[in-house]
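Participant: Quick one: the structure is below, and I'll ask about it shortly.
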């Protein structure tokens, strides 16, 4: 009887062949002795992704969707196919994992049975820290402080830095409200307890929503620099269909807020906040008319563009 994999790596991709190739090479190179499987869900790529996977990685479990189903539904497809009874790793195709990082994530989970979700330190393509890899719940004050620039003026002050948790040292392990879905280790016991990603969310806010749901169920969410990856981001997705992405980002935030946060505030404030959301949507759409590089926010490669 074959041994079950310790880790199931789930990757959702759309027209990101070259980035996916580099991602898979990095996993293969740096997985060490870790027993793992890879499940790739393709969202209807037309750039040769399927042919590349079948030719170069026949051992990978492949799910080929005929159309773009976003981020949450394909990840749930992959999770349902996972064979590991311990851990699932959601990983973006435009990432590079480094030596011992996968093993360190698993080791951290083994040492912290209370951890339901764990995220690594994430770097941009230029080596700088990607601040969105640890974050708050996106509560109204956090979002106001972030979008008004107060968090940039006072990055180490907890009162203003809640959105990106910049008051927490990026080089130390912390329990955090939420982490980025570009690389998210989830305990199978957590999946069994709270289910998969919320499919009402197409491609934004699903990571924060899942972390909030896990914490409400008694699990802890951790950020640990013991593991680190590079996440390039912006290679398709919101840059490809910026106005659709802008709408999806704001609509997903509305769904998330209404589901998890609205009950904590007086209904008149909620109506005011919904108005602010709508005005921000309109302003973002207007500003993107004049931007040379158009995008919605933290980018996802699930809205459709070939990447070179």
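The values are calculated or read from the model by the stated rules, or taken from the named source; none is laboratory data. In this text, all values refer to a predicted model and were calculated from it rather than measured experimentally. Positions of Cβ are backbone-derived with ideal geometry, glycine not excepted, and every protein chain shown enters the neighbour counts.
Participant: Just to be sure, is residue 242 in contact with a helix residue (DSSP H, G or I) (Cβ under 9 Å, 6 or more places away or on another chain), crowded, with 16+ Cβ neighbours inside 10 Å and at pLDDT below 95? If you could, list the steps in order and put the result at the bottom.
Facilitator: Values: in contact with a helix residue (DSSP H, G or I) (Cβ under 9 Å, 6 or more places away or on another chain): yes; crowded, with 16+ Cβ neighbours inside 10 Å: yes; at pLDDT below 95: yes.
When the stated conditions are applied, residue 242 passes them.
Participant: Considering only residues that are in a helix (DSSP H, G or I) and in contact with a strand residue (DSSP E or B) (Cβ under 6 Å, 6 or more places away or on another chain), look in the stretch 107-138 and name the one that is surrounded by the fewest Cβ atoms within 10 Å (Cβ to Cβ).
Facilitator: 108
Participant: As an exercise: evaluate residue 278 against (1) buried (at least 16 other Cβ atoms within 10 Å of the Cβ); (2) modelled with pLDDT of 95 or more; (3) in a helix (DSSP H, G or I) and give the number of the one condition it does not meet.
Facilitator: Result: residue 278 passes all but (1).
Participant: Check off (1) free of Cβ contacts under 8 Å to residues at least 12 places away in the same chain; (2) assigned to a loop (DSSP other than H, G, I, E, B) for residue 165 and give me the number that stays unchecked.
Facilitator: Here residue 165 meets the rest and fails (1).
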